[in-house]
Structure formats: structure tokens, C-alpha cells
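Accompanying notes for the structure given below.
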Amino acid sequence: MLLYQKTPPELVKRSNIINHPVLPDNPYQGNIYRQLVENLLADKGVRQIIEMLHKQFDQPVLLILPSGQVICFAGYKHSPRVIFPVSTNGREMYNTSEMERRPVKARVRIDDICYDCVATPIFRNKGNAAYLLLVLNLKYYGFQLFDLLQAVARVLAVKLERENLIFSVEQKYKIEYIINLLLNPEQTEENVQLVSRIWNRNLSQPHLVFLASTKPERIKVLPDILKSNLEQYLSNNYLYFIYGGQHIILVGMIDSDYKATLNAMKAIGKNIFISIKEEGKLIIACQSVLRSDYNLSKGYMEAKYAINIGLNANKNVFVEFDNLGLHTLIYSMYQESNMIHTLENYFLNKLGILISHDRAFKTDLYNTLIYFLENSCNYLLTAEKMFIHPNTLRYRLKKTEKILNIDLSKLECLVELVIAFKMDKIKKHFLDILREVPKCPI
């Protein structure tokens, strides 16, 4: 079936295609050639030309490599998947003769739907560099359209030559660019647009940040299993890469619903838990979905903290930042600049003297106290995990009580210590984040 029609209104909400209410009567009016010349002379790039074509014809426009990889697009909410060509009108599209440099009609599979398109080869010094695809509307089909697209292709060839160096550098450092964005709470529009262009995904639209990690750290099958499940549940509504041994997934909102997006990732987690049960343990962590402002950096840091908590578990677990209890509360307090000094003073008041004692006398009382609290104040379990005798543990804790002037048998004392330890953990988390910043030519 040839899909010339607009996307039905009831499908627009769930479709990748961006629909406009009114088609232009004649896209050749308004002097589109003059706009091309202005684009060529002005400091405007490939993306502006693609968007100009989309606005002129109100049809999706794609710039793709011969392999089908999308370089640039307009008319879609996010980068579509392309299989190119499914078929042509009996002509070989890879012939580089002058005759075959003209646009041809081709059938292309875009997001699992076949469309009739006009495919225009874009040639540069080394031959065929890319194809310009315009989803076909019979209303505009004819020699006038072909001539226009051929003129556009020549302008794009010049632009691609100019942008090739920039593009190659951006692709080389594409992970560094997005990590810089995730680690910088100052989400400037310029940086978001830059990373959106590099990754061919509109990151100014809300995304949830998820992290996945395994115990042991390297399970060879995880990337393949993760990608297949992401494709099955999310189609191409996600961005996935590996950095620092962790799997980072940015998921676009499903029907603008945080809960639906979260449930889809939980379903993916359950599938993967079953698939790797004999290989090791998987931890998936999610950022806060209760925070009102959209900030990828805050989301990444929340997911990063949540996964560090989850790594302490000895089983498959899906960790939601919003369900971390006291951790969530203290973490949120650390986000307020006027609270940081107060929190630091609280920690030093409770445990500063114990840390100083360990440094002066080369003891390990601070870590012993952490193990004791993390193991629910169970003497035998703590001693077993620390590989020391229970009497040695009791001696260390008695010495700790004397130094801090506390009583570990009192609940109030234990709560105060737990809060102080969590503050220290969150502080170390933010320091680790600062060390992550990669170098790239921003």
C-alpha cells in the first residue's frame, strides 16, 4: 500500500511523525530557490535546509547515508529507523553516471512502514555521499519537483563538504559530548541542541535517565539482550550507550506519561533478570519521576546514586530514586546550596573525631561502625563479613562509644549515626561525579 495520505488524527499522538494541519497549495511559490541561495551564502547548515524542505512540502524529509543511517531529519519527533532502498522503479540507485544523478522514485521502509519517496543522490568529490529522501505526495510529483530536489542536492553537497570536519569530530567524541551534558547541571539550550544534533535525537523533549550495571561487572551477553528488549518495548524511542562500565539509557516519554515509561523499563528489567539468571545479577536504577523540572544532569546523578545503592544488593533489583527513603531526603537537602554547610557541620560533629582518631592511630573504627550499622547491628554477621572475631568487634565498638561519648544500645543514637553516614556517602557520590567529566572539544 502506498502511503501518500497524512497520518490519521487518532494515530498522530502515538506516531513518530509530526503532522501539520494544512498543506501548502503550491510549495514552489514563495521563491524556494531564493531561500536555497540564501542558505548557501549564509552561515546556515544542513539541518536548516532539511527543515526548510519539510516546511515547504509538509512531508517528512531525511538525509541518510547509503547504508540507511540517518544523518539529519525533519518531520519526525525522533530519529526514525530506515531500510533503504526496499525497491526502486527498476533503476539502479548506486550507479554514478550523470544520468542516474537525478532523483528517482524509491520505496523505503521507515519505522516498519513502507513509503514511496523521492530519493535524490548527493555527490561529493569521492562519489555518492548520501541520499535526500522526501516522502512522496502525488500532488507535487513531477519534473518541477525533481528539478528542485536536484538543486537542493547540489547545495547540500557543498554544505556537507563544509561540515564534514565538524561532523567527524562530533561523531568521534559523541559519548564525551553527551556525558558532559549529563554531568553539567547548567543545561543551556545551546548544549542540548548540540548533543541532540550529534545523537539525532531531540533531547529538549522530556527523557527519563536509567542506568544498568551487573555483578560481576562484565556479562558479555548483556548489551545484546538489553538492546533487543529496548527495541521490543520502546521501538526507537530511546538512546543507549555504555560509559565507565555502566549502561546508560535515555528513554523518551511514552504518551507524555512518566508511569508508562517507568513500567516499560520495569518490564524490560524482568525479562533481562530471567535471561541472565545464571550469569550474574543485574541492577537497573531510575531517576526521580517526582521532581517537577526537566534536567538530564539531575536525572543522571539521581540514577547514578540509586544504582550505587542497588549494587549493595545480592539479587536482581530495580531501584527507583524516589523509593530510597532517608537517602532521597538527604540527597534532596544536598541540592540546596544553603543547606550544604549545615549538613557538613552535622557530619563533622557526629563522626569527625572518630575519623581523626583513625588517621592519628591508624585504626579502622570508622569502617567498623559502618559495617555494624549496615548489618543491622548484628555482632556475629558483622564479624563474619569483616573476617574478625566477635570479641574483636565488641572491643572496637566499645572503644568507639568511648571516643564519641555515645551509647550504641539506644535507638536515637543509632538513627543519628545512620543519618551522618548517609550524608558522607552522598558527599562522596558528588565528588565521584566531578571526577567523571571527560575531555572533548566543546
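The values are calculated or read from the model by the stated rules, or taken from the named source; none is laboratory data. None of the values given here were measured: they were computed from a predicted structure. Neighbour counts run over all protein chains shown; Cβ positions are idealised from the backbone, glycine included.
Quick look at the values:
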{"item": "Qualifying residue in region 299-307 (condition: in a loop (DSSP other than H, G, I, E, B), of a type in the set (Ser, Thr, Tyr) and modelled with pLDDT of 90 or more)", "result": "no"}
{"item": "Residue match in region 263-270 (condition: in contact with a Pro (Cβ under 9 Å, 6 or more places away or on another chain) and assigned by TED's automatic domain parsing to the domain that holds residue 299)", "result": "no"}
{"item": "Only one of 223, 206 that is surrounded by fewer than 16 Cβ atoms within 10 Å (Cβ to Cβ) and closer than 26 Å to residue 257 by Cα", "result": "206"}
{"item": "Scope region 338-353; condition surrounded by fewer than 17 Cβ atoms within 10 Å (Cβ to Cβ) and either in contact with a His (Cβ under 6 Å, 6 or more places away or on another chain) or not polar (S, T, N, Q) (or both); matching residues", "result": "339, 340, 341, 344, 346, 348, 352, 353"}
{"item": "Residue in region 285-296 that is among the small types (Gly, Ala, Ser) and assigned to a helix (DSSP H, G or I) present", "result": "no"}
{"item": "Some residue of region 405-421 being under 30 Å from residue 180 (Cα atoms) and either touching a helix residue (DSSP H, G or I) at 6+ places or on another chain (Cβ under 9 Å) or assigned by TED's automatic domain parsing to the domain that holds residue 307 (or both)", "result": "yes"}
